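Each value in this text was obtained by applying a stated rule to the coordinates, not by laboratory testing. All values reported here derive from a predicted model rather than from experimental measurement. Using ideal geometry, Cβ is built from the backbone for each residue, glycine included, and neighbour counts are taken over all protein chains shown.
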């Protein structure tokens with residue numbers, strides 16, 4: 001297949017590009033990314049040497065950019081999204097434009113070019129929050145978004161389903177739990193904690209740190225997306241979880257232990273507005289129907305992730321300093 005991967009310079013998207021090029025030697029990949037703050041071409045350095053890879057800088061909400069790219073591909077794998085909850089609280093309009101309007105533009109292009117296969121990557125945050133004893137989210141959980149980010153992702157999910165029911169577009173959706181691993185942008189809990197500790201800084205923890213997340217290694221997530229794209233039921237949704245529920249404070253303590261640091265490095269800060277207390281995913285559908293399950297345990301994955309960040313100091317220091325944004329100019333002469 002020839003895949004159009006939107007948001008392919010981001011954390012999960014870039015890992016997916018590497019996965020496809022490695023696992024499917026006949027496939028071609030075109031990445032479309034606007035290179036906003038979370039898009040980093042340094043994530044794709046390895047792919048640049050591959051003749052089956054091409055990069056296009058552009059906005060998914062711009063139909064003149066999107067239309068010819070969709071026309072030449074066999075399938076769209078849609079990662080591109082504004083995704084940081086804190087930023088959505090400050091600037092919700094950007095999230096609506098990218099996550100809702102951008103998705104609609106892509107769907108229209110897919111529909112107008114003979115109904116291209118379309119996989120939409122979403123989040124468990126569309127389901128809201130769970131209590132400590134509530135059953136995990138599943139494909140039948142009602143939507144209850146709590147932030148501008150999750151509301152915009154919920155809107156995009158509904159659009160994808162609407163294009164399936166209204167136009168017969170061959171779509172699938174996956175809703176995943178919190179990812180972690182290589183190329184994770186260091187504003188999120190795990191990479192921020194690791195890089196702060198490597199720099200000798202404290203680790204900020206929201207509120208009491210007892211918010212629970214289900215952690216999924218990004219490589220396991222990429223395997224799941226690939227499987228759904230190629231073998232998933234058209235019109236179906238699949239929840240993808242890591243079987244790794246853990247309180248945020250326990251994640252931080254585990255990272256402190258791996259790096260040989262004391263709990264004096266923890267700095268509790270004011271909780272953010274509308275902070276969901278618990279997420280968890282029931283992934284029995286994708287396991288039973290497609291044979292997928294996570295292969296990386298959380299403890300193993302955290303150790304691997306720490307080692308990756310220790311070995312890629314230049315990458316994360318470029319991100320934290322902002323110099324990574326100059327990479328596109330150096331590569332493409334702008």
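For the chain, what proportion of DSSP beta bridges, expressed in % and rounded to the nearest 5, is antiparallel? Please report the intermediate quantities before stating the final value.
On the way: 3 of 40 bridges.
So the antiparallel bridges amount to about 10 percent of the total.
Throw me the Rg/Rh for region 30-125, computed over C-alpha atoms with Kirkwood Rh, two decimals. Kindly include the intermediate steps, with their values, before the conclusion.
Numbers: Rg = 13.9 Å, Rh = 14.3 Å.
When Rh is taken as the Kirkwood radius, the ratio is 0.97.
Would you calculate the convex hull of the Cα atoms in region 127-170 and tell me its volume per residue in Å³? List each step's numbers first, then the result.
Details: hull volume 3.3 nm³, N = 44.
Convex hull of Cα atoms, per residue: 75 Å³.
Mind sorting 319, 17 by how few other Cβ atoms lie within 10 Å of their own Cβ, fewest first? It would help to have the intermediate numbers written out before the result.
Details: 319 23, 17 27.
With the fewest neighbours first, 319, 17 line up as 319, 17.
Suppose we look only past 17 Å in the calculated P(r) of region 51-99. What percent of the Cα-Cα pairs does that tail hold? Write out the running numbers ahead of the final one.
Working: 545 of 1176 pairs.
When all Cα pairs of region 51-99 are counted, 46 percent exceed 17 Å.
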Open item on the list: Considering all projection directions equally, how large on average is the shadow of the alpha-carbon convex hull of the chain, in square nanometres?
Closed with: 16.0
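Using only the Cα atoms of region 172-216, build the gyration tensor, take square roots of its eigenvalues as a ≥ b ≥ c, and label the shape rounded, prolate or oblate: rounded if a/c is under 1.5, else prolate if a/b is larger than b/c, else oblate. Write out the running numbers ahead of the final one.
Numbers: a/c = 3.50, a/b = 1.53, b/c = 2.29.
Since a/c reaches 1.5 but b/c is at least a/b, the shape of region 172-216 is classed as oblate.
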Task: Mean projected area in nm² (Cα convex hull; one quarter of hull surface) for region 201-298 - done: 7.7
- [ ] Any chance you could get the radius of gyration and Dmax over the Cα atoms of region 131-204, in Å?
- [x] 17.5, 55
TODO: Tell me, rounded to the nearest percent, the portion of alpha carbon pairs in region 61-211 spaced more than 19 Å apart.
DONE: 60
TODO: Between the alpha-carbon centers of region 80-155 and region 186-242, tell me the distance in whole angstrom.
DONE: 16
